[in-house]
Amino acid sequence: MPHSLTTEKALPVPSGLGSVAIVGMGYVGLPTALGLHAAGVRVVGIDRDAGRLRAIEARTVDLIESDHRQLARSLEQDGFELTTEAARMGEADVVIVCVPTPVDRHLLPDLGVLQGACDEVVRYARAGQTLVLTSTSFVGTTTRMLVEPLMDRGFTVGTDLFVASSPERIDPGNVTHTQRDTPRVVGGVTGECAERAARVIGLLSRVTHQVGSPEVAEMTKLYENTFRAVNIALANEFADICAGFSLDPMEVIEAAATKPYGFMPFHPGPGVGGHCIPCDPHYLLWQLRATRTAAPLVSQAMTAIAERPLAMVDRMLGVLSDAGKGFAGSSVLVVGVSYKPGVLDVRSSSALEIMDGLTRRGAKVEYYDPLVTRLTLPGGVSMDSIVEPAEHDWDLVLIHTVQPGHDYSWIADCPLVLDATYRFVPAGAGSSA
């Protein structure tokens, strides 16, 4: 019978827990490794990318300040190792898989990295280990990529070793909802699998919520981010509706948010980027094709999200047209290119597609981002951030991402400004973003 159990307590390091291997040292794996090491666990961080490990050792990776402080401590203390050797996971008592699960240019799941990581986990698995999959993927991933291959090797899951899914809930750059303060869902193949996984995940999060299977945990993560995608698509659509009535959509949203029940505010923007919302719902839609299950609301929301950046390009053309100009020969500045404020990450950032669309339509495009000094557009063109944007005359400025702690007061002197964040305040905006 499926079960749910929520626990909230500070857990001691489980007895017999010698070490934990973290497979993938990216935006999820590194904070996971740091959190476990801070809890007193010996950690081995494994990543195929030697350059990534060098960046971690050089402390040049993108982390919130508290994690940067922990990284400095971990690198100077015993029990924190970094390696490219996958075989090291066979020495660990717990293996946690934290690799990316992106989509390709056709918005289909790209499972290559995850499959490769799980193949290595199975290859080096030994009796007594607890294996936890945190990467977001389709329902049944844990069973297909870990449980069944382990059974083929002769293991009995739940007796010989223990397997669970506990999807990550790390929001890069977010200092309010930290890893420690964000509850985690844990779904084990058996009750013992769930208990063992929860004891480890409980070292990272104060609250663990156990569900009856890995599949429930996997679907939970897909539901969370599909919920966000649908509501962001609605917020974007409502912003366009408000424009038709010459209304400020943010004023409408703030007014609606005064209702203490039945409403949750989502905000419009130039597009949706990062590792979750533009990707995760497509794992669900992809899987539903096999069962011919319709999800028209989700499908339409994801289509709207995919089309949003080019719709923003059209909106920019309208602004220029109203000023008697067009894209051809116009100088356009995009302010901020990371997918969200406070991070260096440009994965799936709508800024890249917007800039590529502007370039293809004849505009002279530059960008300014104090955090992202260089980027490559989808078409392969590499660009460097403008150093002194206030010294140029721009035909149009698009405000895409406002990085906290930086002065944007110069934008007030630009003749044409399109605020795609809907929340920009020119004087000192960066300091309060």
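We did not get these values from a lab; they are worked out from the coordinates using the rules stated. The structure displayed is predicted, hence computed values, not measured ones. Quick reminder, even Gly has a Cβ in these numbers, built from the backbone with ideal geometry, and neighbours come from all protein chains shown.
Of note:
- Comparing 381, 302, 394 along the charge dipole axis of region 257-396, the residue lying farthest to the positive side is 302, per the Cβ-charge model.
- A Gaussian network model of the chain, with springs between Cα atoms under 10 Å, assigns the largest mean-square fluctuation among 260, 370, 172 to 260.
- For the chain, the 222 nm mean residue ellipticity estimated from helices alone, with every DSSP H stretch of n ≥ 4 adding -39500 (n - 2.57) and the total spread over all residues, rounds to -11000 deg cm²/dmol.
- Mean Cα-pair separation over length for region 5-211, i.e. relative contact order, pairs under 8 Å, 6 or more apart, %: 24
- Cβ-based exposure ranking for 276, 118, 414, in which fewest neighbours within 10 Å come first: 414, 276, 118
- The chain: relative contact order as a whole-number percent, Cα under 8 Å and 6+ apart: 12
- Checking every one of the trypsin sites (Lys or Arg not before Pro) in region 61-136 against DSSP loop status and a limit of 16 other Cβ atoms within 10 Å picks out 105, 126.
- Within the chain, longest stretch clear of exposed chymotrypsin sites (Phe, Trp or Tyr not before Pro) (DSSP loop, no more than 11 other Cβ within 10 Å): 1-244
- 3J(HN,Hα) couplings calculated from phi for region 246-259 with the Karplus curve 6.51 cos²θ - 1.76 cosθ + 1.60 (θ = phi - 60°) are, in sequence order, 6, 10, 7, x, 5, 5, 5, 5, 4, 5, 5, 6, 6, 5 Hz; Gly and Pro show x.
- Whole-Hz couplings from phi, Karplus 6.51/-1.76/1.60, listed for region 83-89; x for Gly and Pro: 8, 9, 8, 5, 4, 5, 5
- With Cα atoms, 0 to 90° folded angle of helix 112-124 axis to the chain main axis: 20
- Each residue in 84, 226, 143 was given a count of other beta-carbon atoms within 10 angstrom of its own, and listing them fewest first yields 84, 143, 226.
- When both bridge partners sit in the chain, DSSP labels roughly 20% of those beta bridges antiparallel.
- Note, ³J(HN,Hα) from phi for region 221-232, Karplus 6.51, -1.76, 1.60, rounded to Hz, x at Gly and Pro: 5, 5, 5, 4, 7, 5, 4, 5, 4, 4, 6, 5
- GNM remark for the chain: springs join alpha carbons under 10 Å apart, and the peak mean-square fluctuation among 40, 380, 336 falls on 380.
- For the chain, built as a Gaussian network whose Cα springs stay under 10 Å, the top-fluctuating residue of 381, 402, 272: 381
- For the chain, the longest principal axis of the Cα atoms and the long axis of helix 350-360 meet at an angle of about 40 degrees.
- On the principal axes of its alpha-carbon atoms, region 308-432 has extents of 34, 31, 26 Å, going from largest to smallest.
- Order of 279, 98 under a 10 Å beta carbon neighbour criterion, fewest first: 279, 98
- Kirkwood's formula applied to the C-alpha pairs of region 92-135 gives a hydrodynamic radius of 11.4 angstrom.
- With eigenvalues of the C-alpha gyration tensor scaled by 5 and rooted, the chain, Å: 41, 24, 20
- Extension gain for residue 104 to residue 263 (0.36 nm times residue separation, less C-alpha to C-alpha distance): 53.9 nm.
- Whole-number percent relative contact order across region 314-396, with pairs defined as alpha carbons under 8 Å at least 6 apart: 32
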